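Structure first, then comments.
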Amino acid sequence: MTAHGLPPILREAIARMVRDIQPAELAARAAKLSDNYRARGGSETIKSFEDVAAYLATRMPATFAAMIASLDWTKVRLVDFAPLSVLDIGAGAGAASWAAAEIFPSLQSFTMLDRNRQFLGAARTLADAHALMRDAAILESDIAILPNGTQADLVLANYALTELSDDVLTRAVPHLWTATKGVLVIVEPGTPDGFARILKCRASLLKDGARIVAPCPGDYPCPIAKPGWCHFAARLPRSRAHIRAKGGAVPFEDEKFSYLAVAHENVGLRPSSPRILSRPHALKHALRVRICADGGIAEHEASKRDKESYRAFARKDWGDAV
């Protein structure tokens, strides 16, 4: 599995922000943050610099990894898409903007919106470490009520819809699409609830004329039935502060997430391909792979006797197109 670590300048900027927080306090606040995350809580628990520090040390690397993996898979299908502007909705400390800067070096303009002032302060401090983000517009705004005329080539909603009620979500998604001039990418936790929100967004966006870029190979109804759900994983290396805060014993963590990328008609797309829906399973004489294709889910076995097919699948991982 490919590791998606923070860019060195971001990692160093976070380290400077958390270095004066005592490990015990960082761990306690990180535990509270994790409990809130599992309970689908919102950013209202981020009330102090110490809360932000716990988020930066433990959650921002994970949300960055999920977004950069989603953008990486999205970019594979895009033809000559070189966005100049990005709009980061519910930006938090700006993880999605940093991920976009890594994947799309053409970006020149960054706008980050969030309603939590503690997050906005952290986003400003971190953005000052990046040459292209120093002039970023970092604004207080509710996700469901975007400033009039807000638009960008690339719009990102990274773990931003989690705390919305169904009614607010229904109102918010069309606003996100209206703000999108090119591509919209939505990332949610890789849970049944997170995937349910992705499906609601998918239905709304298809109704409004969006074309699916990833991960779905087509615009057909999702073939995954409950209790199953579509999700992927991004591996991230743990920093020393991350390990201390979460009491981890291994130097990496796998972040589970669900995502959806859609595009307007003006964006060129390469032909779609089937998608691997889970980690390939190694058998004695073959690789077994679960694939979404042609409106259905299929199990494929690549036999070692078919060397070309086996090698092709051996190079693929969970989430890759085949």
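The values are calculated or read from the model by the stated rules, or taken from the named source; none is laboratory data. Since the model is a prediction, treat every value here as computed from it, not as a measurement. So basically every Cβ, Gly included, is an ideal-geometry build from the backbone, and we count neighbours across all protein chains shown. Quick note on the areas: whole protein, heavy atoms, side chains included, nothing else; ligands and nucleic acids left out. Shrake-Rupley method; radii C 1.70, N 1.55, O 1.52, S 1.80 Å.
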Item checked: Number of the condition not met by Gly94 [criteria: (1) surrounded by fewer than 17 Cβ atoms within 10 Å (Cβ to Cβ); (2) modelled with pLDDT of 85 or more; (3) touching an Asp or Glu at 6+ places or on another chain (Cβ under 8 Å)] -> (1)
Note to self: Quick check on segment 227-241. Is at least one of its residues modelled with pLDDT under 95, open to solvent by less than 70 Å² (accessible area, probe 1.4 Å), part of a loop (DSSP other than H, G, I, E, B) and over 20 Å from Asp317 (Cα atoms)?
What the structure shows: yes
Check: For Ala53, which of the numbered conditions (1) surrounded by 24 or more Cβ atoms within 10 Å (Cβ to Cβ); (2) closer than 20 Å to Pro7 by Cα; (3) among the hydrophobic types (A, V, I, L, M, F, W, C) fails to hold?
Finding: (1)
Next item on the list: Answer yes or no as to whether Phe104 is under 26 Å from Asp51 (Cα atoms) and either in contact (Cβ under 8 Å) with a residue 24 or more places away in the chain or open to solvent by 20 Å² or more (accessible area, probe 1.4 Å) (or both).
Entry: no
Next item on the list: Looking at (1) open to solvent by less than 70 Å² (accessible area, probe 1.4 Å); (2) over 21 Å from Asp317 (Cα atoms); (3) in a loop (DSSP other than H, G, I, E, B); (4) modelled with pLDDT of 85 or more, find the lone condition where Gly248 falls short.
Entry: (4)
Next item on the list: Return the pairs, sorted by first residue and then second, in which the second residue is of a type in the set (Asp, Glu) and open to solvent by less than 20 Å² (accessible area, probe 1.4 Å), the first residue lies in segment 155-177 and is under 23 Å from Ala93 (Cβ atoms), the beta carbons are less than 8 Å apart, and the residues are 6+ apart or on different chains.
Entry: Leu156/Asp88; Asn158/Asp88; Tyr159/Glu188; Leu161/Glu188; Thr162/Glu188
Check: Has segment 112-131 got at least one residue that is over 21 Å from Tyr55 (Cβ atoms) and crowded, with 19+ Cβ neighbours inside 10 Å?
Finding: no
Next item on the list: Being at positive phi and under 16 Å from the mean Cα position of the chain (by Cα) is the filter here, so list the residues in segment 40-90 that pass it.
Entry: Gly90
Margin query: Could you list, ordered by first residue, the pairs with Cβ atoms under 6 Å in which the first is in segment 69-91 and touching a residue at least 12 places away in the same chain (Cβ under 8 Å) and basic (Lys, Arg) and the second is in a helix (DSSP H, G or I) and open to solvent by 10 Å² or more (accessible area, probe 1.4 Å), at least 6 apart or interchain?
Written below: Lys75/Ile103
